[in-house]
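The block underneath contains the structure these notes are about, expressed in structure tokens.
The values are calculated or read from the model by the stated rules, or taken from the named source; none is laboratory data. Nothing here was measured: the structure is a model prediction, and the numbers come from that model. Neighbour counts run over all protein chains shown; Cβ positions are idealised from the backbone, glycine included.
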Amino acid sequence: MVGGGRGAFIGAVHRMAAALDGEIELVAGAFSQDPDKARASGADLMLPPERCYGSFQEMIEQEKKRADGIDIVSIVTPNYMHFPPAKMALENGFHVICDKPATFSLDEAVELKRIIEKTGLCFGLTHNYTGYPMVKQARFLVQSGALGKIRKIVVEYPQGWLSENVELTGYKQAEWRTDPKRSGMGGAVGDIGTHAENLAEYITGLKITEVCADVSTFVDGRLLDDDANVLLHFENGAKGLLHCSQIANGEENGLNIRVHGQKGSVRWQQLEPNTLHHYDNDGARTYRPSVGNLCDSAKAHIRLPAGHPEGYLEAFANIYRNFSRTVRKTINGETPNAFDLDFPTIDDGIRGMQFIETVIESGRSNAKWVKFKN
């Protein structure tokens with residue numbers, strides 16, 4: 001693991017998700033850019049001192065020499081530190097799984113894809129919301145034609161934790177997310193808007209072609225956006241609306257999506273992740289892990305018996321489990337199956353970076369519509 005040391009939030013989530021199915025073991029790490037903190041963080045996790053490294057460069061160089069060295073590098077750093085360790089890890093023979101967005105910029109994401117293709121190694125991106133079984137059921141309903149031609153997609157991700165200027169209080173998670181030198185050009189758009197974009201494209205299988213964005217910074221002194229309202233055009237002619245905000249007081253992680261087709265609609269909410277609503281002219285039906293005729297993909301991502309709710313960590317773990325099985329089969333010269341390969345890749349990462357840069361460009365422009373960056 002690179003990053004995720006003392007004081008980090010998402011690193012612990014990655015570790016729990018990776019360990020949930022017993023298929024991945026944490027054996028080494030460079031957990032901070034501060035060498036002393038990095039080694040202390042490794043000791044907290046009970047790793048042997050010789051595998052608690054002061055930098056990702058040292059970790060990759062030393063692990064490459066070991067007969068029992070690492071197979072996968074998990075990158076859980078702020079955005080500006082995604083590309084350097086990913087590049088070095090891939091070029092030294094290690095598979096990589098990385099937190100989103102993929103990189104600091106679109107140019108870096110495109111370069112990372114070139115490196116991945118050259119090395120032939122696996123790269124996964126933790127857009128974890130696609131790991132929910134009911135999201136996979138929604139995708140199946142779209143793919144099976146149950147909704148007919150998709151006409152309208154409404155996706156939103158409201159949060160309220162940045163309603164005040166908490167980045168000035170020493171709150172680490174707010175500090176780097178609102179710093180353009182560490183986060184990139186997008187604030188809320190990059191942090192949570194990309195999750196909404198990815199969820200919409202994953203469920204519908206449709207790509208966004210152009211956007212019309214109203215991007216705002218409400219908190220005085222903040223350097224990046226904290227709210228955005230985006231009109232969307234999709235490749236099949238469908239229209240959409242994406243709203244993301246980190247100043248929506250009272251909201252937690254309110255990611256939700258509605259997909260409306262010619263024959264029916266679906267609705268899913270992240271705060272009630274085990275329920276998918278499906279509507280058509282014959283009425284309404286509800287899918288849950290134990291209710292309804294679920295597709296194979298949904299069933300493959302359910303761990304617990306009926307009536308036992310699964311949530312955020314299990315969805316996150318589905319990404320790690322699929323990635324680990326793909327890596328294992330790749331190492332063994334086997335062919336991963338469709339379930340193994342069901343995790344976000346660098347192509348999703350590039351789409352995310354295109355989304356950030358296009359939305360920010362649109363927000364700064366007087367043009368009504370800005371075509372999606374290529």
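Just one of (1) in contact with a Ser or Thr (Cβ under 6 Å, 6 or more places away or on another chain); (2) over 22 Å from Ala300 (Cβ atoms) fails for Val142. It is (2).
Counting residues in the range 12-19 that are over 27 Å from the mean Cα position of the chain (by Cα) and surrounded by 14 or more Cβ atoms within 10 Å (Cβ to Cβ) gives zero.
Restricting attention to the range 287-319, the residues being surrounded by fewer than 16 Cβ atoms within 10 Å (Cβ to Cβ), within 26 Å of the chain's Cα centre (by Cα) and not charged (D, E, K, R) number 5. If you go through the range 157-167 and keep only what is closer than 23 Å to Tyr129 by Cβ and surrounded by 19 or more Cβ atoms within 10 Å (Cβ to Cβ), you end up with Tyr157, Pro158, Gln159, Leu162. Can you tell me which residue is nearest to Ile346 (Cα to Cα) among those in the range 122-165 that are in contact with a strand residue (DSSP E or B) (Cβ under 9 Å, 6 or more places away or on another chain) and among the aromatic types (Phe, Trp, Tyr)? Per the criteria, the residue is Phe123. Exactly one residue out of Gly184, Gly170, Gly190 is surrounded by 21 or more Cβ atoms within 10 Å (Cβ to Cβ) and farther than 26 Å from Leu271 by Cβ: that is Gly184.
Quick check on the range 284-306. Is at least one of its residues in a loop (DSSP other than H, G, I, E, B) and of a type in the set (Asp, Glu)? Scanning the range 284-306 turns up no residue that is in a loop (DSSP other than H, G, I, E, B) and of a type in the set (Asp, Glu). Within the range 321-374, the set of residues being out of contact with any Cys (no Cβ under 8 Å at 6 or more places or on another chain) and among the basic types (Lys, Arg) comprises Arg321, Arg325, Arg328, Lys329, Arg351, Arg364, Lys371, Lys373.
Annotation: of all residues in the range 66-79 being within 23 Å of Glu23 (Cα to Cα) and not β-branched (Val, Ile, Thr), the one that is nearest to the chain's Cα centre (by Cα) is Ser74. Yes or no: the range 58-75 includes at least one residue that is outside any helix (DSSP H, G or I), closer than 30 Å to Asn256 by Cβ and of a type in the set (Val, Ile, Thr). Yes, some residue in the range 58-75 is outside any helix (DSSP H, G or I), closer than 30 Å to Asn256 by Cβ and of a type in the set (Val, Ile, Thr). Consider the range 308-321 and keep the residues that are more than 15 Å from Leu276 (Cα to Cα) and out of contact with any helix residue (DSSP H, G or I) (no Cβ under 8 Å at 6 or more places or on another chain). The one that is modelled with the lowest pLDDT is His308.
The set of residues in the range 89-105 that are crowded, with 19+ Cβ neighbours inside 10 Å and either under 20 Å from Ala200 (Cα atoms) or more than 19 Å from the chain's Cα centre (by Cα) (or both) comprises Ala89, Leu90, Phe94, Asp99, Lys100, Pro101, Ala102.
Taking the range 331-374 as the region of interest, how many residues are assigned to a helix (DSSP H, G or I) and farther than 29 Å from Ile319 by Cα? Qualifying residue count, the range 331-374: 4.
Just to be sure before I move on: is Ala28 surrounded by 18 or more Cβ atoms within 10 Å (Cβ to Cβ) and touching a residue at least 40 places away in the same chain (Cβ under 8 Å) in the structure I sent? Yes; evaluated as a whole, the condition is true for this residue.
Against the condition outside any loop (DSSP other than H, G, I, E, B), touching a Lys or Arg at 6+ places or on another chain (Cβ under 8 Å) and closer than 18 Å to Ala17 by Cα, how does Glu314 come out, does it pass? Considered against the rule, which asks whether it is outside any loop (DSSP other than H, G, I, E, B), touching a Lys or Arg at 6+ places or on another chain (Cβ under 8 Å) and closer than 18 Å to Ala17 by Cα, Glu314 comes out as yes.
What do you reckon, is Glu252 acidic (Asp, Glu) and surrounded by 15 or more Cβ atoms within 10 Å (Cβ to Cβ)? Spelling it out, it is not the case that Glu252 is acidic (Asp, Glu) and surrounded by 15 or more Cβ atoms within 10 Å (Cβ to Cβ). Against the numbered list (1) farther than 30 Å from Leu294 by Cα; (2) in a helix (DSSP H, G or I), Phe104 comes up short only at (2). Counting just the residues of the range 209-222 that are touching an Asp or Glu at 6+ places or on another chain (Cβ under 7 Å) and of a type outside the set (Gly, Ala, Ser), which one comes out farthest from Gly193 (Cα to Cα)? Here the answer is Val219. Restricting the range 107-128 to residues that are within 16 Å of the chain's Cα centre (by Cα) and assigned to a helix (DSSP H, G or I), the residue that is farthest from Val13 (Cα to Cα) is Ala109. Whenever a residue of the range 65-88 is among the aromatic types (Phe, Trp, Tyr), its partners that are not in a helix (DSSP H, G or I), lying with C-beta atoms within less than 8 angstrom and at least six residues away or across chains, give the pairs Tyr80/Phe104; Tyr80/Gly184; Phe83/Thr103; Phe83/Phe104.
Identify the residue in the range 320-356 that is surrounded by fewer than 21 Cβ atoms within 10 Å (Cβ to Cβ) and acidic (Asp, Glu) and, among all such residues, is farthest from Asp225 (Cα to Cα). Going through the qualifying residues, I end up with Glu334. If you check Ser41, Ser32 for being modelled with pLDDT of 95 or more, assigned to a loop (DSSP other than H, G, I, E, B) and out of contact with any Pro (no Cβ under 6 Å at 6 or more places or on another chain), only one passes: Ser32.
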